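Trainee: I'd like to ask some things about the structure below.
The values are calculated or read from the model by the stated rules, or taken from the named source; none is laboratory data. Quick caveat: nothing in here was measured; it's all calculated off a predicted structure. Neighbour counts are summed over all protein chains in view; Cβ atoms, including those assigned to glycine, are modelled from backbone coordinates with ideal geometry. SASA here: full protein model, heavy atoms, side chains in, ligands and nucleic acids out. Shrake-Rupley method; radii C 1.70, N 1.55, O 1.52, S 1.80 Å.
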Amino acid sequence: MARTVSRQEAVVVGVGTTDFGAQYRNRDANRSDYQLGIDALKIALDDAGLAKDDIDGVLTCRLPNYEKFGTLAGIRHPKVVNAYEGSGRMAGVVLQHAITLVEAGLATTVACVYGNNGRSVGMTYGGESAGRGPGDDTGAYDLAYGMTSPGAYVGMMYRRYQHLYGAPDGALAPLAINNRTNAALNPVAAMTKPLTEEEYLSARYICDPLRLFDYCMINDGGVAIIVTTADRARNLRKPAVRVIATAGSADLTGHYTKPDFFDTAARDVAGRVYAQAGLGPEDVDCVQIYDNFTPIVLFSLESFGFAPRGEGWQWIKDGRIGLKGETPVNTSGGHTSESYMQGWALQVEAIRQVRGDAGDRQVANCETSQYICVAPVVNSHVFQRA
Amino acid sequence: MTTQYAKPLPRVHDLNRAFFLGALDGRLVLQHCDACGHVWFPSAQSCPKCLSQEITWKPVSGRGRVWSWVVMHQRYIPAFADDLPYAVAFVELEEGPFMMTSIVGAEPEDLVCDMPVEVAFDQVTDEVALPKFRPVTGEAS
Ligand SMILES: [Zn+2]
């Protein structure tokens with residue numbers, strides 16, 4: 001007998017996030033990234049009203065050893081299992097793969113689990129580890145000139161952006177301030193103290209043109225998202241959330257600095273997600289944008305058609321991206337204020353917003369939310385309540 | 001030249017030796033594909049465009065423009081601590097490849113996107129002369 005092809009739609013039925021603020025305040029060198037993932041999974045199971053034994057697929061991210069995860073979580077015989085690298089671009093990819101696996105019938109209920117103890121172990125995302133392998137590696141050449149860290153490569157793009165489009169010093173401040181304002185309404189955000197433009201501008205440069213508050217906040221934390229079939233989703237605790245559109249496109253070159261600011265890949269993804277969803281950026285009630293560094297938000301808004309090319313820095317001004325604005329952006333505080341969970345917590349926020357579950361930061365009448373990650377693997381999803 | 005050079009350097013090996021020998025000789029030498037003419041950096045065993053392994057190392061013009069630059073303030077690399085803050089430039093060569101580099105003969109505040117530059121080698125060890133770039137004056141971009 002041949003295999004049958006499932007046509008059943010996969011939906012999101014549970015999400016879990018750990019207390020990023022508590023983890024930020026209490027740095028602990030013994031904190032395990034695997035345990036953070038397990039903590040998040042437990043929360044997501046409770047959120048869904050599922051038991052651990054319902055899980056028959058496990059995709060881990062940033063937790064390199066899925067066997068260790070399965071051992072510690074006591075999930076012994078999942079039908080599918082894999083571990084994804086701990087890069088922000090993978091958050092959306094893992095969710096795409098979970099949906100695909102469920103819709104292909106390879107598993108019924110897939111747990112996507114992310115764990116990160118980066119703050120406690122002193123992760124820096126820059127330094128001399130690059131380019132030590134076989135072959136020839138741009139990282140090794142770049143180090144000879146003192147070039148390192150993703151923020152510096154993004155800074156390189158942003159300087160060029162300023163040159164081309166006239167964005168003045170301080171043009172990124174509304175993004176950092178908006179994140180902080182939203183984080184103040186998020187009980188688990190790491191940074192909730194309000195930020196003024198003066199404070200933004202007087203903060204030290206990490207890599208000129210980028211300052212401290214343009215950088216994501218490295219932290220510890222866990223995030224989990226559970227995907228299952230629409231049938232299985234009936235009678236679970238929370239409303240199911242549909243992924244009405246999802247697409248990806250990579251931009252694979254030797255440097256994180258892309259001469260087109262990722263535009264070719266991002267426009268390709270935008271075209272496909274909006275075609276699948278049957279709507280456009282103007283119809284999205286809130287958008288969660290991967291912001292490892294603030295300029296990426298401008299690139300995202302422009303390539304996805306929220307703002308015209310070169311005008312994103314003007315478009316974000318005057319409250320347009322605030323919770324009560326025309327297009328709320330990063331409603332949980334994003335990577336610069338909630339926590340740098342490498343896209344994972346942003347996906348959860350997009351899901352919570354359409355469930356109406358976002359507490360004090362809930363966007364009114366939020367029917368459609370979007371996640372956008374502009375990175376060397378660009379991806380985006382559009383969510384609606386089932 | 002110094003024997004106490006403490007900054008990180010790329011490893012010289014069979015694949016990229018021609019690049020470093022050229023640099024010691026004051027020439028910027030890159031791989032050119034015999035089949036399709038593509039030029040790239042850093043070195044690879046096959047042409048990233050057409051996958052041909054018929055490759056010739058040839059000098060390039062050494063001219064390009066500053067696509068962008070940054071000024072590093074954070075101490076990521078101990079050997080660069082005394083240089084902070086320092087500029088790093090991303091140069092687009094006339095032949096197409098991009099190179100991360102330093103600009104000599106100009107202060108960070110003098111750097112402008114699209115300024116024309118040309119290669120200027122800085123021999124830092126017996127084995128390695130690093131290609132850096134200097135502004136080209138009196139030339140229309
Ligand atoms: Zn070729």
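Trainee: What whole-number distance in Å separates the alpha-carbon centres of the stretch A:264-327 and the stretch A:188-255?
Mentor: 14
Trainee: From the Cα gyration tensor of the stretch A:122-218, with a ≥ b ≥ c the square roots of its eigenvalues, which class applies: rounded if a/c is under 1.5, or else prolate if a/b is larger than b/c, or else oblate?
Mentor: Here the stretch A:122-218 falls in the oblate category.
Trainee: Is there a simple number for the mean count of other chain Cβ atoms within 10 Å of the Cβ of residues in B:78-88, and what is it?
Mentor: 3
Trainee: For chain B, set up a Gaussian network in which alpha carbons nearer than 10 Å are linked by springs, and say which option among B:117, B:66, B:12 fluctuates the most.
Mentor: B:12
Trainee: Let me ask something else about it. May I ask you to give the average projected area over all directions of the convex hull of the Cα atoms of the stretch A:63-204, in nm² rounded to one decimal?
Mentor: Its Cα hull, projected and averaged over all orientations, spans 13.7 nm².
Trainee: How much accessible area per residue does the stretch A:256-324 have, counting only protein heavy atoms and a probe of 1.4 Å, in square angstrom?
Mentor: Details: 2340 Å² over 69 residues.
Ligands and nucleic acids excluded, the result is 34 Å² per residue.
Trainee: Is the shape of the stretch A:265-386 best called rounded, prolate or oblate, per the rule: a/c under 1.5 gives rounded, else a/b larger than b/c gives prolate, else oblate, with a ≥ b ≥ c the square roots of the Cα gyration tensor eigenvalues?
Mentor: Verdict is rounded for the stretch A:265-386.
Trainee: Once neighbouring chains are kept in place and the probe is 1.4 Å, which whole percent of the accessible area of chain B is contributed by carbon and sulfur? Let's see the in-between values first.
Mentor: Numbers: 3130 of 6920 Å².
About 45 percent, which is the carbon plus sulfur part of the accessible surface.
Trainee: Still on this structure, I have one more. In terms of the Cα gyration tensor, with a ≥ b ≥ c the square roots of its eigenvalues, is chain B rounded because a/c is under 1.5, prolate because a/b exceeds b/c, or oblate? Let's see the in-between values first.
Mentor: On the way: a/c = 1.90, a/b = 1.30, b/c = 1.46.
Here chain B falls in the oblate category.
Trainee: Using alpha carbons only, how many angstrom separate the centre of the stretch A:132-162 from the centre of the stretch B:83-141?
Mentor: 14
Trainee: Among A:345, A:73, A:48, which one shows the biggest mean-square fluctuation in a GNM of chain A, springs joining Cα atoms closer than 10 Å?
Mentor: Result: A:73 has the largest fluctuation of those listed.
Trainee: Pick out which of A:368, A:196, A:71 has the largest mean-square fluctuation in a Gaussian network model of chain A, springs linking Cα atoms closer than 10 Å.
Mentor: Answer for the Gaussian network model of chain A: A:71.
Trainee: For chain B, what relative contact order do you get, as a whole percent, if you take Cα pairs closer than 8 Å and at least 6 residues apart?
Mentor: Relative contact order for chain B comes out at 23 percent.
Trainee: Pop out the Kirkwood hydrodynamic radius of the protein assembly as shown from its pairwise C-alpha distances, inverse of mean 1/r, in Å to one decimal.
Mentor: Details: mean 1/r = 0.0411 Å⁻¹.
Hydrodynamic radius (Kirkwood, Cα pairs) of the protein assembly as shown is 24.3 Å.
Trainee: Let me ask something else about it. With just the Cα atoms defining each centre, how far is the stretch A:108-130 from the stretch A:52-66? Give it in Å.
Mentor: Going from one Cα centre to the other spans 15 Å.
Trainee: While we're on this one: Please compute how much accessible surface disappears when A pairs with B, both sides summed, using a 1.4 Å probe, and round it to the nearest 100 Å².
Mentor: Protein heavy atoms only, the A-B interface buries about 3300 Å².
Trainee: Enter the accessible area per residue of the stretch A:1-144 (Å², integer; probe 1.4 Å; all protein chains in place). If you can, show how the numbers build up before the last one.
Mentor: Details: 6570 Å² over 144 residues.
That works out to 46 Å² for each residue.
Trainee: Students often check this: by mean Cβ neighbours within 10 Å, which of B:45-58, B:80-93 ranks highest, and how do the rest follow? Kindly include the intermediate steps, with their values, before the conclusion.
Mentor: Details: B:45-58: 13.5, B:80-93: 18.5.
In descending order of packing, they fall as B:80-93, B:45-58.
Trainee: If you don't mind, there's one more thing I want to ask. Please compute the average number of Cβ atoms from other chains found within 10 Å of each residue's Cβ in peptide B:6-19.
Mentor: For this peptide, the per-residue mean of nearby foreign Cβ atoms is 4.
Trainee: What does the average come to when, for each residue of peptide A:250-256, you count the partner chain Cβ atoms lying within 10 Å of its Cβ?
Mentor: Mean inter-chain Cβ contacts per residue within 10 Å come to 2.
Trainee: Same structure, new question: Keeping all protein chains in place, calculate the accessible area per residue for the stretch B:17-135 (probe 1.4 angstrom), answer in Å².
Mentor: Roughly 44 Å² per residue, with all protein chains present.
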